[in-house]
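Data first, discussion second: the structure below is written as C-alpha cells.
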Amino acid sequence: MDTDTTTEIPPPGSPAAAWIAFDHSVRNIHSWYSVSPLGAPPAVRLCHADGRIREAALRAPRPLPELVAIRCADWVPAVREQARQVLAAALAEDPAGILRRLTPLVLRLGRREQGAWALERFEAVLDDAPALLGGLRTSQDPPTRRFAARLTVGAGLLDVRELAALAADETDPPTSGVWTDAALAALAAHGPDGEAIDSLLGAHGPMVRSAGVTALRGAGRTAEAAGHLADRSGLVRACARWLVRRAGGDPYALSRAALTDPARVSPYAVTAFAECARREDAPVLRALLEHPAGQVRAAAVGGLRLLDTTDLELLRPLLDDPSPAVAREAARSLSGSAARLPADWLMARIAPERPPHTRRAAYRVLFARGGIAGLRASVQVLTDPDPALRTIAAQRIQSMWSPYRPPDLPSGDPEVGALLDRCTHLFSDHVMRRMRSRLAVPSGPAPVDGS
C-alpha cells in the first residue's frame, strides 16, 4: 500500500511532547500491513509497528536523535539495544549538543518501564563533565531546569551568590525552591552574605523573598524586616511579622503607623494592618473606604472581612463603586449575608445598562441568596452582554441540579416552571423532565411546527 503521509514529522526544536505524539500517531495510524517499509520516510520507519523495521531504521546513517531516544525505551529488546548503541555514540561525539537537545525528552521517557537507561546515561555524562550543566540551567523546559538544578547543587558547583541569583531569577517555583534551599544552606554553613541576601529579597517569587527575610536575622539585619511588613505576598508579610517580634518590635504598631499618611497608603499596607489588627480597629479601615485609590478601598473592604465586621449599610453602596476591585470585594463580603439584602435592589444592578463589574458583583450576591432568587438572576444573566458572565450563569444553573439532593427551589411554583422554560438548552430532555417532576411543575408549551 502507499505510505500515509498525514503524520507530519516535528520540526527541529519541537517540544518533547511533539515527538512522543508523533511516535504514537505513526504506530496507531499505520499497522504492520498498511505501511511498506520500502519508500517510507526514515522517521516513519523508526516508529513502525514492526520491531524489525524499527531496528533496521536505527542502522541507517544519522537517524533522528529524538526518535532514537524514544527507541531506547522500546518494548522490543533488540530495538532497545540498537538504539542505546546509537545514542551512546552520539553522546560521545557531541555531548553538549545531545544533552541540550534531548534532555527534556529523556526526562519524560524516564517514567517508562524501560526509560531509565538514557536518563542514567545522561547523569553519568554530567557527573564526568559538570560544566555541561550550564547549558541545561538555561533551558526553556522547566523539568530540565529542575534536573540541572538538582545535579548542580549536588555537585557543589556554585557559590552562595550564584545560588541566590538563580533563585531570584527563576520563574519555575520547584526549580526556584532548589536554588533557594541551597542558598540558605550555604548561608547557614558559611555565614551571612549581604549580596546573596539582597538577591533573595529582590526576587519575584514570594517563597524566595520570604527566605530572604528569614535570612536577615542571621545577618544581623533584623531592623530591615519592618520594610517588608507591607509586601505584596502574605507569606512574606508573615515572615516579616515573625522577625519583627523576634527583635522585640511590634508589627501591629508599625502597620498602623503606615496608615497615618493617606497619601502614602498602599493596598498591601492596608492588608498588612488588617492581618494583625483587632475588631476594635475597624474604624481605621472604614475611614479608608473614602480613599481616592480604588485598590486601597478594595483592600479596606477585604480587611474588614478579615476582622469579621460586615456592615451591610456601609458595604451595599460599594457594589456601585466605579472600581471593579472594590465591587468585587464588596460582593465577597456581602455574599454571606445575601438573604438580608433586598432582592429587587440587587436585581436592578444586573440590568444591562449597569457597568459590567457591577453586574458581576450583584449577580454573585444574588446567587448566594440561593432559591428562586438565585435562579431568577441566573436566567436573566443568560442574556447578559458579557459572554463571561453568561458562561458563569449557565454553569451555576447546571450546578443547582444534582441527582443526590433536591434543588433549593419551591415545589409547584409556576415561576419556577417559567424560568426552567428559559434554560432548557442547558439540560438534556431526560434531566429536564426529572427536574420538573421533582419540582412538581408542568412541562413547557410544545413548540409550534415551523416556528
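Within region 51-93, restricting attention to residues that are in a loop (DSSP other than H, G, I, E, B) and aliphatic (A, V, I, L, M), which residue is farthest from the chain's Cα centre (by Cα)?
First, pick out the residues of region 51-93 that are in a loop (DSSP other than H, G, I, E, B): 59-64, 72-76.
Right, trim to aliphatic (A, V, I, L, M) and you get 60, 64, 73, 76.
On the way: Ala60: 44, Leu64: 34, Ala73: 31, Val76: 39 Å.
Once the filter is applied, the top-ranked residue is Ala60.
Looking for whichever is under 30 Å from Glu290 (Cα atoms), surrounded by 14 or more Cβ atoms within 10 Å (Cβ to Cβ), in contact (Cβ under 8 Å) with a residue 12 or more places away in the chain and over 33 Å from the mean Cα position of the chain (by Cα) here; the options are Ala343, Ala339. Which one fits? Give the derivation first.
Values: Ala339 fails: surrounded by 14 or more Cβ atoms within 10 Å (Cβ to Cβ).
After applying the criteria, what remains is Ala343.
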TODO: Name every residue in region 309-325 that is surrounded by fewer than 17 Cβ atoms within 10 Å (Cβ to Cβ) and of a type in the set (A, V, I, L, M, F, W, C), in order of residue number.
DONE: Leu312, Leu314
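Regarding region 366-387, can at least one residue be identified that is among the hydrophobic types (A, V, I, L, M, F, W, C) and more than 23 Å from Pro342 (Cβ to Cβ)? Before you say what the answer is, go through the steps one by one.
Within region 366-387, the subset among the hydrophobic types (A, V, I, L, M, F, W, C) is 366-368, 372-373, 375, 377, 379, 381-382.
Filter again for more than 23 Å from Pro342 (Cβ to Cβ), leaving none.
No, region 366-387 contains no residue that is among the hydrophobic types (A, V, I, L, M, F, W, C) and more than 23 Å from Pro342 (Cβ to Cβ).
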Task: Among residues of region 167-216, those that are more than 23 Å from Val244 (Cβ to Cβ), acidic (Asp, Glu) and in a helix (DSSP H, G or I), counted - done: 3
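Among the residues of region 207-232, count how many are closer than 14 Å to Tyr268 by Cα and crowded, with 17+ Cβ neighbours inside 10 Å.
In the first step, residues of region 207-232 are kept if they are closer than 14 Å to Tyr268 by Cα; the result is 226-232.
In the following step, the residues that additionally are crowded, with 17+ Cβ neighbours inside 10 Å were identified as 226, 228-231.
Of the residues in that region, 5 qualify.
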Open item on the list: Going residue by residue through region 327-340, is there one that turns out to be of a type in the set (Ser, Thr, Tyr), in a helix (DSSP H, G or I) and in contact with a Lys or Arg (Cβ under 9 Å, 6 or more places away or on another chain)?
Closed with: yes
Task: Single condition Ser139 does not satisfy, out of (1) touching a Lys or Arg at 6+ places or on another chain (Cβ under 9 Å); (2) part of a helix (DSSP H, G or I); (3) closer than 30 Å to Arg71 by Cβ - done: (2)
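Is it the case that some residue within region 168-178 is within 15 Å of Glu123 (Cβ to Cβ) and either outside the structural domain of Arg101 (by TED's automatic domain parsing) or buried (at least 16 other Cβ atoms within 10 Å of the Cβ) (or both)? Walk me through it before giving the result.
We begin by selecting, within region 168-178, every residue within 15 Å of Glu123 (Cβ to Cβ); these are none.
No - not one qualifying residue is present in region 168-178.
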TODO: Working only within region 236-290, note down all residues that are within 19 Å of Thr309 (Cα to Cα) and either assigned to a loop (DSSP other than H, G, I, E, B) or polar (S, T, N, Q) (or both).
DONE: Thr271, Ala277, Arg278
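Residue by residue through region 316-326, note down the ones that are without any contact (Cβ under 8 Å) to a residue 40 or more places away in the chain and either small (Gly, Ala, Ser) or assigned to a helix (DSSP H, G or I) (or both). Don't jump to the end; show me each part of the working.
Pass one, region 316-326, residues without any contact (Cβ under 8 Å) to a residue 40 or more places away in the chain: 316-318, 320-326.
Arg316, Pro317, Leu318, Asp320, Ser323, Pro324, Ala325, Val326, listed by residue number.
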Task: Number of the exception - Glu313 against (1) touching a residue at least 24 places away in the same chain (Cβ under 8 Å); (2) over 14 Å from Arg237 (Cβ atoms) - done: (1)
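The values are calculated or read from the model by the stated rules, or taken from the named source; none is laboratory data. Just so you know, these numbers come straight off a predicted model, no measurement behind them. All Cβ positions, even for glycine, are placed from backbone atoms using ideal geometry, and neighbour counts span all protein chains on display.
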